[in-house]
1. When you go through Ala139, Ala148, Ala143 one by one, which is the residue that is away from the ligand (no atom under 13 Å from the Cβ), assigned to a loop (DSSP other than H, G, I, E, B) and either without any contact (Cβ under 8 Å) to a residue 60 or more places away in the chain or among the aliphatic types (A, V, I, L, M) (or both)?
2. Do we find a residue being touching a strand residue (DSSP E or B) at 6+ places or on another chain (Cβ under 9 Å) and over 20 Å from Glu207 (Cα atoms) anywhere in the range 100-113?
3. Check Ala101, Ala87 and return the single one that is within 13 Å of the ligand (Cβ to nearest atom), at pLDDT 95 or above and either closer than 26 Å to Val144 by Cα or surrounded by 17 or more Cβ atoms within 10 Å (Cβ to Cβ) (or both).
4. I'm trying to understand the selection: among the residues of the range 248-266, which are under 17 Å from Ser184 (Cβ atoms) and among the small types (Gly, Ala, Ser)?
5. Does at least one position in the range 178-199 carry a residue that is in a helix (DSSP H, G or I), near the ligand (Cβ under 10 Å from one of its atoms), in contact with a helix residue (DSSP H, G or I) (Cβ under 7 Å, 6 or more places away or on another chain) and under 17 Å from Gly27 (Cα atoms)?
6. Of all residues in the range 200-232, count the ones that are touching a Leu at 6+ places or on another chain (Cβ under 9 Å) and assigned to a helix (DSSP H, G or I).
7. Of the conditions (1) in contact with a Leu (Cβ under 8 Å, 6 or more places away or on another chain); (2) within 18 Å of Lys21 (Cα to Cα), Leu57 clears all except one; give me its number.
Amino acid sequence: MDNTPTTGTSTTAAPGLLAGKVAFVTGAGRGIGAAAARLFAREGARVLLAARTEAQLKAVTEEIRAAGGTAEYTVCDLADPVGVRAAVDRTVDLYGRLDVAFNNGATIQRPGPMDRMPEADFDHVYTVNLKGVWLAMKAQVAAVRATAGTGAIVNNSSVGSLMGNPELPAYGAMKRAVNSLTESAAVTYGPEGIRVNAIAPGGTATEMIRTWEADSPGVSERIAAQTPLRRAADPGEIAQAAAWLLSDRASYVTGTVLRVDGGLRA
Ligand SMILES: NC(=O)c1ccc[n+]([C@@H]2O[C@H](COP(=O)([O-])OP(=O)(O)OC[C@H]3O[C@@H](n4cnc5c(N)ncnc54)[C@H](OP(=O)(O)O)[C@@H]3O)[C@@H](O)[C@H]2O)c1
């Protein structure tokens, strides 16, 4: 008699959520983007990581490879239109195609009322958080059309886009504009099989919230107290939502802004 314990299920591993796909991720050096790059690779995607800080990109890429995944990185500033296009094109050069993209990279502003915000700071938040997403989507649509034919894009918005955002007014405005661009893109590219969605994370334990905390001590605790789940998200929990939206399991979902906020806006 064979006494080998069995689980009662097949021993064949299920294919990953993103098996066979080529994924492009911005802001992939740390935080939510790094968690997403790791997760997408674990779920079977070949990944290109992009951001400005090479040391961080290199570290995450090596981690993914050490775990058996396929990853490369490219240094890219979302404020540089030529660089954004080149980063997306690099994905196609390396892997021969583009299927999915997570436009996650963004910057935060110094908190404070809008009348005290320097014009240059407003312009920077606009350039990186809104124009950068538009540039990336333009390049991604072209790359998907030229290679995979159909695909999916997820833009990282914020729960702070869904209401007045008096402490981060420019950040909130650009994120709300990202929601609008997402919806417009979903309508425009849906007929050719390119789905476009956004996620709206709540407070997530990353450098971005630590930067805000440094300017506004107690803000993380305040957000956690207002959140029904009473805690910040782990970056990996946000990445899970992006992975699902990019996967074929979300094949009938487009034009949505999915809150991943622990119930904050419920
Ligand atoms: N943390 C939260 O509570 C929270 C809540 C809602 C939404 N979000 C959104 O989640 C996304 C990820 O943020 P995070 O929390 O993970 O913050 P993070 O740890 O600060 O990561 C931001 C990433 O974006 C990259 N980035 C910033 N400016 C860039 C630029 N000009 N060009 C290219 N890459 C740039 C950063 O890399 P480099 O600096 O090396 O370029 C970094 O990899 C953002 O869209 C953010 O708005 C975060």
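1. Numbers: Ala139 fails: assigned to a loop (DSSP other than H, G, I, E, B); Ala143 fails: assigned to a loop (DSSP other than H, G, I, E, B).
Selected residue: Ala148, the only one of Ala139, Ala148, Ala143 that is away from the ligand (no atom under 13 Å from the Cβ), assigned to a loop (DSSP other than H, G, I, E, B) and either without any contact (Cβ under 8 Å) to a residue 60 or more places away in the chain or among the aliphatic types (A, V, I, L, M) (or both).
2. To start, the set of residues in the range 100-113 that are touching a strand residue (DSSP E or B) at 6+ places or on another chain (Cβ under 9 Å) comprises 100-106.
Still in the list and also over 20 Å from Glu207 (Cα atoms): 100-101.
Looking through the range 100-113, at least one residue is touching a strand residue (DSSP E or B) at 6+ places or on another chain (Cβ under 9 Å) and over 20 Å from Glu207 (Cα atoms).
3. Values: Ala101 fails: within 13 Å of the ligand (Cβ to nearest atom).
None of the other options fit; the residue is Ala87.
4. Hit for the range 248-266 is Gly255, nothing else.
5. Filtering the range 178-199 for residues in a helix (DSSP H, G or I) gives 178-192.
Applying the additional criterion that residues be near the ligand (Cβ under 10 Å from one of its atoms) yields 178.
Now drop any that are not in contact with a helix residue (DSSP H, G or I) (Cβ under 7 Å, 6 or more places away or on another chain), which leaves 178.
Filter again for under 17 Å from Gly27 (Cα atoms), leaving 178.
There is at least one residue in the range 178-199 that is in a helix (DSSP H, G or I), near the ligand (Cβ under 10 Å from one of its atoms), in contact with a helix residue (DSSP H, G or I) (Cβ under 7 Å, 6 or more places away or on another chain) and under 17 Å from Gly27 (Cα atoms).
6. First, pick out the residues of the range 200-232 that are touching a Leu at 6+ places or on another chain (Cβ under 9 Å): 200, 202-203, 212, 223, 226-229.
Within this subset, residues satisfying the condition of being assigned to a helix (DSSP H, G or I) are 212, 223, 226.
Result for the range 200-232: 3.
7. If we test Leu57 against (1) in contact with a Leu (Cβ under 8 Å, 6 or more places away or on another chain); (2) within 18 Å of Lys21 (Cα to Cα), just (2) comes out false.
Conditions (1) modelled with pLDDT of 95 or more; (2) part of a strand (DSSP E or B), marked per residue:
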site: Thr7; (1), (2): no, no
site: Pro15; (1), (2): no, no
site: Gly20; (1), (2): yes, no
site: Ala23; (1), (2): yes, yes
site: Ala28; (1), (2): yes, no
site: Gly33; (1), (2): yes, no
site: Ala55; (1), (2): yes, no
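The values are calculated or read from the model by the stated rules, or taken from the named source; none is laboratory data. Here the structure is a predicted model, which is why all the values come from computation and not from measurement. A quick note on method: Cβ atoms are made from the backbone with ideal geometry, for glycine too, and the neighbour counts reach across all protein chains shown.
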